[in-house]
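Peer 1: Mind looking over this structure? Questions follow.
We did not get these values from a lab; they are worked out from the coordinates using the rules stated. Here the structure is a predicted model, which means the values were calculated and not measured. With ideal geometry, Cβ positions are generated from the backbone for all residues, glycine too; neighbour counts draw on all protein chains shown.
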Amino acid sequence: MHEFEWQRAVIKVGSALIAPDGQHCSGHYLLAIARFITASREQGKEVILVSSGSVAAGRGNIPIHHTPSIAEKQAMASIGQMQMMSNWSRFFDFPCAQLLLTYDDLHSRTRYVNIKNTLRELLNHQALPIVNENDTVAVNELKVGDNDNLGAYTALVAQADTLIICSDVDGLYDQDPRLNPDATLISEVSCIDESTFALAGGAGTKMGTGGMLTKLQAAQKCTQSGIQTLIVNGQKGEVFDQLLDGKIQGTRFVPVASRENARRQWLKHTLKSGGKIVIDSGAKTAILNKGASLLPSGIVDVMGTFSAGDAVTIEYQNHALAKGLALYNSSDLGSIKGIRSSKIESVLGYTSGEAVVHRDDMVLL
């Protein structure tokens, strides 16, 4: 078994664990996962849940004997989503928060930043975010389509260091364990390549849309961004007791870069700056020496035209100090430069928070 260290994790739980009979929610497999979440939070760690199962949970309330239409499935999801959230919340004595996302939400820059900020605030206030695909409105072309990949996108937007995918198998095997009793569990994968995908075989259970293939796709997305990924058996309570002890009973996919490096490279090299923010010496000291966010009071000038969520370069006396994502557009920044954060709302009529560029979204150059 490998040592397991983490600070912020996304845990993905599939339909087969939420609604084992394919008709109603059940707590049968969730108690051990809930215990793990509570104990981890007590250790000062942060957890986000990605939970499938709304369609399966609502199926029993819309009795039909034919293959359900899209509208019928969306009705099942609508009823089932309430039951699934209620099913989770009964295990916790802290607030649970619902986030329903579509593919569009994750690929729209503005909405992506909004999701990130919402997750950050929920974690700051000790709530448990529970994420699912918005099955009630999404059509196939706009769906992520499976919650393994939704789990990966959530881990990326949440800047998690770990994705834990709870499956109904122990992890990735060298052969299909359902067909070959001599199949061997692969405890660690350091590189996901074509030979790894060849081990994935066909689709998984008949309830979920995520077989091993989507789990590997999710692991690949995460590990390439410096996020370790685990596939574990969510039907075995002892798996989560082991994780609490820092031991992995399953397959660990090793991140190819440190989380900081992946994030630095993304901000530094991938995103083009839409403009410049010129700051004073006080803001320079706070950013360089205190790891602080950039506040409007430290801004001297705003150059270029950019939207909220665009990358900007932060400069002091013609030297580029940092690069980050602006929480306000260039026009609004021009209006609030030099003022205290508490006055943002009275000047603009709205606020996106006291920071202009949050330290989580900033990299020093």
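Peer 1: Which whole DSSP H helices in the chain pass both tests: a Cα extent of 24 Å or more along the axis and a mean Kyte-Doolittle value no lower than -0.5?
Peer 2: Span-like helices, by this rule, are 70-89.
Peer 1: Here is a further query. Hey, what do the phi angles of region 48-54 turn into as Karplus ³J(HN,Hα) couplings, whole Hz, using 6.51/-1.76/1.60 and θ = phi - 60°, x for Gly and Pro?
Peer 2: 10, 9, 10, 10, 7, x, 5
Peer 1: Could you list Glu121, Glu5 in order of exposure, starting from the residue whose Cβ has the fewest other Cβ atoms within 10 Å?
Peer 2: Lowest count first: Glu5, Glu121.
Peer 1: With charges set only on the Cβ (+1 for Lys and Arg, -1 for Asp and Glu), what does the dipole of region 271-364 come to about its Cα centre, in debye to the nearest 20?
Peer 2: 180 debye
Peer 1: Let me ask something additional. For a protection proxy built on the mean count of beta-carbon atoms within 10 angstrom, sort 347-354, 223-230 highest first, please.
Peer 2: 223-230, 347-354
Peer 1: Neighbouring Cβ atoms within 10 Å as the yardstick, rank Lys337, Lys12 fewest first.
Peer 2: Lys337, Lys12
Peer 1: Okay, moving on. So what are the ³J(HN,Hα) numbers for region 298-307, from phi and the Karplus equation (6.51, -1.76, 1.60; θ = phi - 60°), rounded to whole Hz, Gly and Pro as x?
Peer 2: My calculation for region 298-307 gives x, 8, 9, 8, 10, 10, x, 10, 8, 9 Hz in order.
Peer 1: Label Arg35 and Gln317 with points 7 Å out from Cα along Cα→Cβ: what is the distance between them in nm?
Peer 2: 6.1 nm
Peer 1: Roughly speaking, what is the stretch gain from Ser307 to Asp21, that is 0.36 nm per residue apart minus the C-alpha to C-alpha distance, in nm to one decimal?
Peer 2: 98.2 nm
Peer 1: Along the principal axes of its C-alpha atoms, what lengths does region 25-129 span, in descending order and rounded to whole Å?
Peer 2: 48, 38, 15
Peer 1: Considering Cα pairs under 8 angstrom that are at least six residues apart, work out the relative contact order of region 315-356 and quote it in whole percent.
Peer 2: For region 315-356, the relative contact order is 38 percent.
Peer 1: Now for a separate question. What number, rounded to the nearest 500 deg cm²/dmol, is the helix-based mean residue ellipticity at 222 nm of the chain, given -39500 (n - 2.57) per DSSP H run of at least four residues and division by all its residues?
Peer 2: So the helix-based figure for the chain works out to -10000 deg cm²/dmol.
Peer 1: Based only on other Cβ atoms within 10 Å, what is the fewest-to-most ordering of Phe197, Phe253, Phe306?
Peer 2: Taking fewest neighbouring Cβ atoms as first place, the list is Phe197, Phe306, Phe253.
Peer 1: Now for a separate question. Read through the labelled values [x] 67, 43, 38; [y] 64, 44, 34; [z] 62, 40, 39 and report the label of the one computed as Cα extents along the principal axes in Å from the structure.
Peer 2: Among [x] 67, 43, 38; [y] 64, 44, 34; [z] 62, 40, 39, the one derived from this structure is [x].
Peer 1: Quick check: Cα centre of region 269-334 to Cα centre of region 217-232, how many Å?
Peer 2: 32 Å
Peer 1: As an exercise, use a Förster radius of 51 Å and the Cβ-Cβ distance of Leu364 and Phe197 to find the FRET efficiency, rounded to the nearest 0.05.
Peer 2: After rounding, the FRET efficiency stands at 0.85.
Peer 1: On to the next question. Order 185-196, 320-331 from most to least packed using the mean count of other Cβ atoms within 10 Å.
Peer 2: Descending packing order for the listed peptides: 320-331, 185-196.
Peer 1: Also: Suppose we keep just the DSSP beta bridges with both residues in the chain; what percent of those would be antiparallel, to 5?
Peer 2: The antiparallel fraction comes to roughly 40 percent.
Peer 1: How long is the gain from Ala127 to Ser69 if the chain were fully straight, where each residue apart is worth 0.36 nm and the alpha carbon distance is subtracted?
Peer 2: 17.4 nm
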